[in-house]
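Here it is, the structure in full.
The values are calculated or read from the model by the stated rules, or taken from the named source; none is laboratory data. Small disclaimer: the values here were computed from a predicted structure and weren't measured. Don't worry about glycine lacking a Cβ; one is built from the backbone with ideal geometry, like all the others, and counts go over all protein chains shown.
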Amino acid sequence: MNKPLAALGAAAAGALAMYYLDPQLGAARRAVLADLVRGGLPGEPRPQARGLAARRAWLHNTQSDPRSDVELRDRIQHRLGRMVSHPGALRVDVDNGIVRLSGRVLAKEREGLLAQVQQMAGVQQLVNAMTAHDLPQEIAGQADPTAESAVAGRD
């Protein structure tokens, strides 16, 4: 009886390892799992959530920690690759928990990006300074406005 159970457990462990260590999609799966472990299931009430939120708000109001702003900016930038198709076209600035997103984004990705960033821990306020574009070519095209005039002059 133990051998079939052990074989089943080994097969399940192997399948789980293949699922999370997949070179193409494994990183996204591991990130989702890490978010679930850190924050619990979405919509699930967390014990002592009010106490923690009140303490965090009090700490935020009494002192400004530049390190937390840098950490928040880094977390957002790290996750941009999973939220939008052109993360390099966006800029993230954080000051006292106020996040400012600027740059170019696809119109169909903008609302989802704003919702996900707003829900991240440490975000006190979100400022949308992004320009929305319908076509990916509009985003990936020019890195700066002067490049547009140089390319137009060649025609």
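Can ARG56 be described as at pLDDT 60 or above and not in a loop (DSSP other than H, G, I, E, B)?
Values: at pLDDT 60 or above: no; not in a loop (DSSP other than H, G, I, E, B): yes.
Here the answer is no, as ARG56 does not meet what is asked.
Here is a further query. Only residues that are closer than 12 Å to SER68 by Cα and either among the small types (Gly, Ala, Ser) or in a loop (DSSP other than H, G, I, E, B) (or both): list them for the stretch 93-123, please.
If the condition is that a residue be closer than 12 Å to SER68 by Cα and either among the small types (Gly, Ala, Ser) or in a loop (DSSP other than H, G, I, E, B) (or both), then ASN96, GLY97, ALA121, GLY122, VAL123 are the ones that fit.
Yes or no, residue by residue, for (1) closer than 24 Å to GLN116 by Cα; (2) at pLDDT 70 or above; (3) outside any helix (DSSP H, G or I); (4) in contact with a Leu (Cβ under 9 Å, 6 or more places away or on another chain):
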position	(1), (2), (3), (4)
PRO4	no, yes, no, no
ALA7	no, yes, no, no
LEU16	no, yes, no, no
ALA27	yes, yes, no, no
LEU52	yes, no, no, no
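Right, another one. On the given criteria, is ILE139 part of a helix (DSSP H, G or I), surrounded by 12 or more Cβ atoms within 10 Å (Cβ to Cβ), modelled with pLDDT under 85 and not polar (S, T, N, Q)? If you could, list the steps in order and put the result at the bottom.
Details: part of a helix (DSSP H, G or I): yes; surrounded by 12 or more Cβ atoms within 10 Å (Cβ to Cβ): yes; modelled with pLDDT under 85: yes; not polar (S, T, N, Q): yes.
The answer is yes for ILE139.
Looking for something modelled with pLDDT of 85 or more and either more than 16 Å from GLN118 (Cα to Cα) or not in a helix (DSSP H, G or I) (or both) - is there at least one such residue anywhere in the stretch 63-72?
Going residue by residue through the stretch 63-72, those that are modelled with pLDDT of 85 or more are 69-72.
Keeping just the survivors that are either more than 16 Å from GLN118 (Cα to Cα) or not in a helix (DSSP H, G or I) (or both) gives 70.
There is at least one residue in the stretch 63-72 that is modelled with pLDDT of 85 or more and either more than 16 Å from GLN118 (Cα to Cα) or not in a helix (DSSP H, G or I) (or both).
Keeping to the stretch 79-111, report how many residues are modelled with pLDDT under 90 and of a type in the set (S, T, N, Q).
Residues meeting the conditions: 2.
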